[in-house]
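Some notes on the structure that comes next.
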Amino acid sequence: MNKQEKEQYLREYSVLKAQGKPFFPYAVAKDALMACVVMLAIILMSLILGAELGPKADPTTTTYTPRPEWYFFFLFELLKVIKPPELVPLATIGVPTICMILLFLLPFYDRSPERRPEKRPIATTAGIFTICAMGLLTYLGAEAGAPTRIEMETPERISAQGGAMVEQYEAGKLVVAQSGCLACHKIAENGNDGPGPELTDIADRLPAQAIAQTLVNPTSPMPSFRSLQEKEPEKFRNMVMFLGQLKKDE
Amino acid sequence: MPKLKLPLPPIPDKVVPLPKRPGQPKQGPVDLAKEAGISAVDWVDERTSLSGAARWMMFRKVPKGTNWFYTLGSATMFAFLSQAVTGVFLAMYYRPDAASGAYESMRYVNDEVFLGEFVHGMHKWGSSVMVILIFLHMARTFFFGAYKYPRELNWVIGVVLLILTMTMSFTGYLLPFDQRSYWATIVGVNINGTGPLVGPFLSDFLRGGPEFGATTLSRFYAIHMLLVPGLLGALIGFHLYLVAKLGTTAPPWVSAEKYTKKDEEQA
């Protein structure tokens, strides 16, 4: 906006203001009514949805489901869209940071004096696109759920090795399912495809030893299972064993 | 006699009290009661001179055409106030002690304290309401072009308020210290850690060390209780000051074409 446009705006605005109504009581009345609606909404949500307190935090646990508050779903979902490991920082920090900088600087690069949404096609389209994208990502994030079960046939090469083996395999499957791995990894038909790599045939790529290494000392954002290994080595062994059997069947 | 002349809000002509007839200097109890409030305000104003500020804040004009979309900002602030009040009540019971206190104190609030779960629920769901409202308020500002001259600075402060609100929600998530909050926070902190350059330092700062330990919860608690609310309060004050100073925008499609000479003089 150049000087003339600024003066034009201020002039027009002062006229609009002169034609307007006083803040008190007219705007205050509207605000107060809106405040009542907000209060009512909060009270109703509190009464209907309650304030559920889950089981106590336990670093050794295997039954957690790391789910953020719903309005972070779109950030969480973004991680799944951008999958290659070298691009993960771009998804986790890069895109949100760029969005934030764009948001901060908005008045400094959008300098036209036009204010009507229909006469600012680029800004309006970008705004609607952003809202739709966030809405879609939030929806996808909410849909993904927090699976705690893995539906998989026990492969024949396991059942061929007898009961003890099957037992350990099943126990390991349970540990993996309840550890929330599926929130970020896909195992056959189960879980989310990303942000973590697919684990369906992880054992073809990594020996069991390396899988155990990764569990204890993962690359972020995956949480470490070190405490599980220390406190419940049995469960940890089962987990590694199950993951170590995820191979493509010939 | 009270000296203060409070500006009267516009009221219909019929309701305006008639001026006193001359020759009635005697004051009855009703007159005294009427003036008691003014005297009290007078007493404060003599010492603070705040009436000018109050008048400036309350009796400014809002441009014609403002509609319900313009209540979203105040609604967001109201949600923040609700969070502050319910948060204070929760803080009366909460113990930021990861080893034993935190989870048990929230259990106590939920199960034993009168209306405890209700207030906890209001705080929990109030955060969602506040986030929704702040996004709606931002959308209104964006689509109405209300961030343009002369309100650029107010937009920037608004974005900071948005980030601080998200920070509040992220740091508050850990405090009940149940499974969900614990693991979600670990993932969140790890995600922060993947950032270039500052990432690892930010994660270490949030955890209070390389591992998720005893100080982590106190740190989140301090950020959630002291640092961010203080910043939020101060910046909301500044945001409001600028709104009052610059005025709320009129909707972009409202024009001042039909103004008269009188309007211009008033302006």
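The values are calculated or read from the model by the stated rules, or taken from the named source; none is laboratory data. Bear in mind that the values here come from a model prediction, so they are computed numbers and not experimental data. Here the Cβ positions follow ideal geometry from the backbone for every residue, glycine too, while neighbour counts run over all protein chains shown. Accessible surface is based on the protein model in full, side chains and every heavy atom, while ligands, DNA and RNA are left aside. Shrake-Rupley method; radii C 1.70, N 1.55, O 1.52, S 1.80 Å.
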Task: Kirkwood hydrodynamic radius of chain A, Cα pairs, Å - done: 23.0 Å
- [ ] Positive end of the charge dipole of the protein assembly as shown (Lys, Arg +1 and Asp, Glu -1 on Cβ, about the Cα centre): tell me which of A:Val176, A:Met34, B:Ile163 has its Cα farthest that way.
- [x] A:Met34
Open item on the list: Please state the shape class of the range A:2-81: rounded when a/c is under 1.5, otherwise prolate if a/b exceeds b/c and oblate if not, all from the C-alpha gyration tensor.
Closed with: oblate
- [ ] Would you work out which of B:Pro19, B:Tyr173, B:Gly121 lies farthest towards the positive end of the dipole of chain B? Charges go on Cβ: Lys and Arg +1, Asp and Glu -1.
- [x] B:Pro19
Open item on the list: As a test question: what accessible area, to the nearest 10 Å², does B:His239 have when a 1.4 Å probe is rolled over all protein chains in place?
Closed with: 40 Å²
Task: Where the range A:5-83 is the region considered: accessible area per residue in Å², 1.4 Å probe - done: 48 Å²
Open item on the list: Counting only protein heavy atoms and a 1.4 Å probe, tell me what percentage of the protein assembly as shown's accessible area is made up of carbon and sulfur.
Closed with: 66 percent
- [ ] Working from Cα positions, state the angle (0 to 90°, nearest 10) between the long axis of helix B:116-143 and the longest principal axis of chain B.
- [x] 70 degrees
TODO: Using a 1.4 Å probe on the heavy atoms of the protein chains only, list every residue of the range B:176-194 that has 40 Å² or more less accessible area in the complete assembly than in its chain alone.
DONE: B:Asp178, B:Gln179, B:Arg180, B:Tyr182, B:Trp183, B:Val187, B:Asn190, B:Ile191, B:Thr194
Task: Charge-dipole axis of the range A:113-222 as Lys and Arg at +1 and Asp and Glu at -1 on Cβ define it, positive-most pick from A:Met152, A:Leu206, A:Cys132 - done: A:Cys132
Open item on the list: Over the Cα atoms of the range B:1-129, what radius of gyration and what Dmax do you get, in Å?
Closed with: 24.2, 78
Task: Accessible surface buried upon A-B contact (total; probe 1.4 Å; Å², nearest 100) - done: 8300 Å²
Open item on the list: As I understand it, the value is the acute angle between the Cα axis of helix A:233-244 and the longest principal axis of the Cα atoms of chain A; what does it come to in degrees, rounded to 10?
Closed with: 90 degrees
Open item on the list: With +1 assigned to the C-beta of every Lys and Arg and -1 to the C-beta of every Asp and Glu, and no other charges, what is the dipole magnitude of chain A about the Cα centre in debye, to the nearest 20?
Closed with: 1300 debye
Open item on the list: Checking buried surface per residue: for the range B:41-65, which residues lose a minimum of 50 Å² accessible area in the protein assembly relative to the chain alone (1.4 Å probe)?
Closed with: B:Met58, B:Arg60, B:Lys61, B:Val62, B:Lys64
Open item on the list: From Cα pairs below 8 angstrom and at least 6 apart in sequence, can you work out the relative contact order of the range B:124-236, rounded to a whole percent?
Closed with: 25 percent
TODO: Please work out the average accessible area per residue across the range A:144-247, using the 1.4 Å probe convention, and give it in Å².
DONE: 49 Å²
Open item on the list: Probe radius 1.4 Å, ligands and nucleic acids left out: which of B:Arg140, B:Arg107, A:Arg205 has the largest accessible area, and how do the rest follow?
Closed with: A:Arg205, B:Arg107, B:Arg140
Task: Accessible surface, per residue, of the range B:66-246 when the full set of protein chains is kept, probe 1.4 Å, Å² - done: 42 Å²
Task: Rough spin-label spacing in nm, given labels placed 7 Å along Cα→Cβ, for B:Leu202 and A:Gln8 - done: 4.2 nm
TODO: Would you mind estimating how fast the protein assembly as shown diffuses translationally, via Stokes-Einstein at 10 °C and 1.306 mPa s with the Kirkwood radius over Cα pairs, in µm²/s?
DONE: 59 µm²/s
Task: Cross-link reach list, aspartates and glutamates versus A:Lys21, counting only Cα pairs under 18 Å and skipping chain neighbours closer than eight places - done: A:Glu12, A:Asp31, B:Asp13, B:Glu257, B:Asp263, B:Glu264, B:Glu265
- [ ] Averaged over every viewing direction, what's the projected area of the C-alpha convex hull for chain B? Give it in nm², one decimal, please.
- [x] 22.3 nm²
TODO: Once you've got the GNM for chain A with C-alpha springs shorter than 10 Å, pick whichever of A:Leu53, A:Leu136, A:Leu78 has the biggest mean-square fluctuation.
DONE: A:Leu53
Open item on the list: Output the 0 to 90 degree angle, nearest 10, between the alpha-carbon long axis of helix A:95-109 and the longest principal axis computed from the alpha carbons of chain A.
Closed with: 10 degrees
Task: Projected label distance in nm at B:Ile38 and A:Tyr109, using a 7 Å step from Cα toward the beta-carbon - done: 5.8 nm
- [ ] Just the Kirkwood number for the range A:106-250, please: inverse of mean 1/r across all distinct Cα pairs, in Å, one decimal.
- [x] 18.1 Å
- [ ] Work out the length of the dipole vector of the range B:145-224 about its Cα centre, built from +1 on the beta-carbon of each Lys and Arg and -1 on the beta-carbon of each Asp and Glu, and round it to the nearest 20 debye.
- [x] 220 debye
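Return one quarter of the surface area of the convex hull spanned by the alpha-carbon atoms of the range A:63-147, equal to its mean projected area, in nm².
Averaging across all directions leaves 7.2 nm² for the Cα convex hull.
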Open item on the list: What does the extension gain come out to for B:Trp68 and B:Leu231, with contour length at 0.36 nm per residue minus their alpha carbon separation?
Closed with: 55.9 nm
Task: Packing-based order for B:72-84, A:7-19, using average beta carbon neighbours within 10 Å, highest first - done: B:72-84, A:7-19
Open item on the list: So if I place +1 on the C-beta of Lys and Arg and -1 on the C-beta of Asp and Glu, and nothing else carries charge, what would the dipole magnitude of the range B:17-76 be about its Cα centre? I want it in debye, nearest 20.
Closed with: 320 debye
- [ ] Mind telling me which of A:Pro96, A:Pro218, A:Pro121 comes out most flexible in a GNM of chain A, alpha-carbon contacts under 10 Å?
- [x] A:Pro121
